[in-house]
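Got a structure for you, written out below as structure tokens; questions coming shortly.
The values are calculated or read from the model by the stated rules, or taken from the named source; none is laboratory data. The structure presented is a predicted model; accordingly, all values stated were derived computationally and were not measured. Quick reminder, even Gly has a Cβ in these numbers, built from the backbone with ideal geometry, and neighbours come from all protein chains shown. Surface areas here come from the heavy atoms of the whole protein model, side chains and all, with no ligands, DNA or RNA. Shrake-Rupley method; radii C 1.70, N 1.55, O 1.52, S 1.80 Å.
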Amino acid sequence: MSKGKRVGVLALQGDFREHKQMLERVGAEAVEVRLPAHLEGVGGLIVPGGESTTIGKLAREYGLDEAVAERYQRGELAIWGTCAGAIWIAREILDYQQPHLGIMDIAVRRNAFGRQVDSFEADLEITGFDSPFHAIFIRAPEIVRVGECVEVRSRYQGRIVFAAAAELWATSFHPELTGDTRLHREFVGKLAK
Ligand code: GLN
């Protein structure tokens with residue numbers, strides 16, 4: 001089944017507005033998703049950074065986890081989780097019990113880069129890009145394991161920070177907080193295929 005042309009941003013908590021602006025900059029029709037009905041015609045969904053426990057609780061309360069999983073399983077939805085969003089879509093979260101979607105075959109460790117140095121910036125090499133991507137990390141998770149069908153597209157000091165499967169992306173960092181639209185453009189471009 002083909003995907004809808006709109007791109008949704010899960011707008012329960014976190015920095016969804018910045019993602020929406022990036023989507024608009026790359027020419028996509030962006031919609032805020034707060035209820036299952038808002039997924040109508042949506043072919044891709046970005047789950048923003050924020051607080052993964054809050055996002056997980058609210059998504060469950062509004063029936064969004066079920067609705068998102070169902071559309072993904074029918075092949076109607078690609079999903080990209082950034083930071084807290086990556087935690088929400090991960091199959092396994094180390095050391096924490098919290099409601100989450102759990103559809104991507106990766107394991108993550110929350111706040112993995114240390115509480116002292118909460119936030120930092122780094123230039124990353126990303127598979128498929130011919131120049132470094134300036135990335136902002138804020139109390140970021142590390143992807144500690146990826147399944148067989150998941151590609152590692154970037155590492156920071158040897159640790160996985162971008163994992164990609166056919167219809168699922170997980171980034172530890174915040175690509176919506178820099179001016180670099182390459183990842184948003186690629187995500188939107190994938191939906192058209
Ligand atoms: N530390 C947050 C969490 O575990 C994620 C932080 C972020 O999204 N910037 O949910």
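Of all the accessible heavy-atom surface of region 98-193, with the other protein chains kept in place and a 1.4 Å probe, what percent is carbon and sulfur?
Roughly 48 percent of what the probe reaches on region 98-193 is carbon or sulfur.
For labels at Ser131 and Glu61 in the simple 7 Å Cα→Cβ model, what's the distance in nm?
The modelled label-to-label distance comes out at 4.4 nm.
While we're here: Name the residue from Ala67, Gly44, Ile55 whose Cα lies farthest towards the positive end of the charge dipole of region 3-77, charges +1 on Cβ of Lys and Arg and -1 on Cβ of Asp and Glu.
Gly44
In whole angstrom, how far apart do the alpha carbon centroids of region 14-63 and region 68-123 sit?
Between the Cα centres of region 14-63 and region 68-123 lies a distance of 14 Å.
Sticking with this structure for a sec: Which far-off residues, 5 or more places away or on another chain, put their amide H under 5 Å from the one on Arg159, with H placed in the peptide plane?
Under 5 Å from the amide H of Arg159 lies no amide H from a residue far enough along the sequence or on another chain.
Hey, can you rank 80-91, 23-34 by average C-beta count inside 10 Å, highest first?
80-91, 23-34
Something else: Express the accessible area of the chain per residue in Å², computed with a 1.4 Å probe while the remaining protein chains stay in the model.
On a per-residue basis, the chain sits at 45 Å².
Hey, another quick one. Kindly rank 148-155, 37-44 from highest to lowest mean number of other beta carbons found within 10 Å of each residue.
Packing proxy ranking, top to bottom: 37-44, 148-155.
Next question. Counting only C-alpha contacts under 8 Å and six or more residues apart, can you give the relative contact order of the chain as a whole percent?
Answer for the chain is 20 percent.
Right, another one. Could you give me the ³J(HN,Hα) list for region 72-84, computed from phi with Karplus coefficients 6.51, -1.76, 1.60 and θ = phi - 60°, whole Hz, x at Gly and Pro?
Each residue of region 72-84 in turn: 4, 5, 7, x, 9, 9, 9, 10, 10, x, 10, 6, 4 Hz.
Whole-Hz ³J(HN,Hα) for each residue in region 162-172, computed from phi via Karplus 6.51 cos²θ - 1.76 cosθ + 1.60 with θ = phi - 60°, x for glycine and proline: what do you get?
Using θ = phi - 60°, the values come out as 8, 10, 9, 10, 3, 10, 9, 10, 10, 10, 6 Hz.
Which far-off residues, 5 or more places away or on another chain, put their amide H under 5 Å from the one on Cys83, with H placed in the peptide plane?
Long-range HN contacts for Cys83: Thr171, Ser172, Phe173.
Additional query: Hey, can you grab everything whose amide H is under 5 Å from the amide H of Gly44? Only 5+ residues off in sequence or another chain; H modelled, so Pro and N-termini drop out.
HN-HN under 5 Å from Gly44: Gly8, Ala78.
Follow-up question, since we're still on this one. Restricting to lysine pairs 8 or more places apart or on different chains, what number in the chain have Cα atoms under 17 Å apart?
So the count works out to 5.
Picking from Tyr156, Leu168, Thr127, whose Cα lies most toward the positive end of the charge dipole for the chain (charges on Cβ: Lys, Arg +1; Asp, Glu -1)?
Comparing the listed Cα positions along the dipole, Leu168 ranks first.
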